[in-house]
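I have placed the structure first, in the form of structure tokens, so that the comments after it can refer back to it.
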Amino acid sequence: MDDDARIRQMLTRYLEEQGYRVTGVADGQAMREFLRDTVVDIILLDLVLPGEDGLGLARWVRSLSDVPIMMLTGRDDVIDRIVGLEIGADDYIAKPFHLREVLARLKTVLRRRQPPTSSNRAEDRDVFRFEGWVLDLGRRQLLTSDGLEVVLTTGEFDMLVALAKHPGRVFSREVLMDLTHGRTLEAFDRTIDAQIARLRKKIEQDVKRPMLIKSVRGIGYVFTGKPII
């Protein structure tokens, strides 16, 4: 979704040439109407728009669904990136961008989002249990002890997996960015802090006194949940 017809048409044409089915819309109203009737795999969303901006639309999408969101914008401000990630965006690309970079990042987000296709591989059956939680890597689900699913965004799930796989290991923010986003070039402290804060709201009994994901002053974070063998 982009109000710039040239960019919208360029992205639509390029991604269709790569084998994707694409629908382009010019404003928030058209986007809302389309999403009410259609299930999509990913949303490429411009940030700066006339009327309701991309952040407001992202909040609306995230209140209804955990569909991946990639923010496309001409604003390359750190605060905008942090707010976008806090809302639940999975990636953020500043204009001008290269079409091949958009494609590469889109594939990465979709690859992290989609469940494995084979159930025969041992790693597809990995299940981590800790403190009453069940983290199912194959199905990409987080379940309570009662079997109820807690919906996580792609970024939240990948963050929890990276931490839960290594209980007791202290991770720097840069390493966590690399593990969850597959790159380090855009790592900055508040990006990871924002994602950790969102994740804590969903898994901690008391976010002010976290018992599963603890902060390590001056370094980063450590997962302290006790695994159940």
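Remarks
- For A104, the stated conditions do not hold, so it cannot be described as at pLDDT 85 or above and surrounded by 15 or more Cβ atoms within 10 Å (Cβ to Cβ).
- Condition check for V25: under 20 Å from V151 (Cβ atoms) and modelled with pLDDT of 90 or more: no
- Pairs, first under 15 Å from G225 (Cα atoms) in region 192-208, second surrounded by fewer than 14 Cβ atoms within 10 Å (Cβ to Cβ) and of a type outside the set (A, V, I, L, M, F, W, C), C-beta under 6 Å, six or more apart: V207/K201
- The number of residues in region 48-74 being crowded, with 21+ Cβ neighbours inside 10 Å and either out of contact with any strand residue (DSSP E or B) (no Cβ under 8 Å at 6 or more places or on another chain) or over 20 Å from T108 (Cβ atoms) (or both) comes to 3.
- The single condition among (1) among the hydroxyl-bearing types (S, T, Y); (2) touching a Leu at 6+ places or on another chain (Cβ under 8 Å); (3) exposed (fewer than 15 other Cβ atoms within 10 Å of the Cβ) that Y14 does not meet is (3).
The values are calculated or read from the model by the stated rules, or taken from the named source; none is laboratory data. Every value quoted in this text rests on a predicted model; they were computed, and no experiment measured them. Note: ideal-geometry Cβ built from the backbone for every residue, glycine included; neighbour counts use all protein chains shown.
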